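**Q** This structure is in structure tokens; I'll ask about it shortly.
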Amino acid sequence: MPRTLVRTLRTRRDTRQLGADIAAKLVSGDLVILSGDLGAGKTFLARTILRGLGVDARITSPTFALVHEYDAAAGTSVLHADLYRLRDTAEPPDRARALATLEAEVARLGLRERRAEGAVVLVEWAEDAAGFLGGDPAFVVSLQTGADGARTATLSGQRAGGIV
């Protein structure tokens, strides 16, 4: 059973180190899910992971484009997606409809297929979509911001135990 780890991120340097640590463990076809409230640092962490994978292009938030694709140093494609705009926060009984809509939109984006082809897929706001993305994430990172401004990253997933 994969371990769950908690890391305190007091500085941007701490977040950069976490991103580099995650990037070092990723392989072709991996899924990384980043969750947390607005402003928790999901996009910054995604940027640090992409840098750790050797992406030297300008990295911007995919909130409005939904998906950005980058070439990593090892020749692997990396997709950075943001599902925030696709989420419907409807309460039951509309929850089933909301999930069906999310599933259809994720399918339309082709993320699962690209992952099956070997792309590394980083997805923000995908808490309910792991199954639609092919399941078995290498990492699930949940970010929380404390009153003192420090962030806490809770890591789980297939390779979370490999992060020291």
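Laboratory data are not the source of any read-out in this text; all were calculated from the coordinates shown. As the structure is a computational prediction, the values presented were derived from the model and not from experiment. Cβ placement follows ideal geometry from the backbone for every residue including glycine, while neighbour counts extend to all protein chains displayed.
**Q** Using the 10 angstrom Cβ neighbour count as an exposure proxy, how do Thr152, Thr48, Thr8 rank, fewest first?
**A** Ranked by crowding around the Cβ, least crowded first: Thr8, Thr152, Thr48.
**Q** How are the alpha carbon pair distances in the stretch 10-53 distributed across 5 Å bins from zero to the largest one, expressed in percent?
**A** Result returned by the calculation: 5, 24, 32, 24, 11, 4, 0.
**Q** Follow-up. Go through the stretch 95-105 residue by residue and turn each phi into a ³J(HN,Hα) via Karplus (6.51, -1.76, 1.60, θ = phi - 60°); whole Hz please, and just put x for glycine and proline.
**A** Values per residue, Gly and Pro as x: 4, 4, 5, 4, 5, 5, 5, 4, 4, 5, 5 Hz.
**Q** I need the P(r) histogram for the stretch 5-162: all alpha carbon pairs, bin width 10 Å from 0 out to the longest distance, whole percents.
**A** 11, 42, 36, 10, 1
**Q** Using only alpha carbon pairs under 8 Å that are at least six residues apart, calculate the relative contact order of the chain and give it in whole percent.
**A** Relative contact order, the chain: 37 percent.
**Q** Can you run phi through the Karplus equation (6.51, -1.76, 1.60; θ = phi - 60°) for the stretch 55-71 and list ³J(HN,Hα) in whole Hz, with x for Gly and Pro?
**A** Per residue, the Karplus-derived 3J(HN,Hα) values read 6, 10, 6, 5, 10, 10, 5, x, 3, 8, 7, 6, 9, 10, 10, 10, 9 Hz.
**Q** Moving to a separate point now. Please find, in a Gaussian network model of the chain (springs between Cα atoms separated by less than 10 Å), the residue of Ala119, Ala74, Ala138 whose mean-square fluctuation is greatest.
**A** Checking each option, the largest mean-square fluctuation is seen for Ala74.
**Q** Need the full-extension length gain, Arg95 to Ser28, defined as separation in residues times 0.36 nm minus the C-alpha distance. One decimal, nm.
**A** Stretched fully, the Arg95-Ser28 segment lengthens by 20.8 nm.
**Q** Still on this structure, please answer the following. Could you derive backbone 3J(HN,Hα) for the stretch 109-115 from the dihedral phi with the Karplus parameters 6.51, -1.76 and 1.60 (θ = phi - 60°), listing whole Hz in sequence and x where the residue is Gly or Pro?
**A** Each residue of the stretch 109-115 in turn: 6, x, 5, 4, 5, 5, 5 Hz.
**Q** Additional query: Normalise the Cα radius of gyration of the stretch 74-164 by 2.2 N^0.38 Å (N = residues in it) and let me know the number.
**A** In units of the 2.2 N^0.38 Å rule of thumb, it is 1.22.
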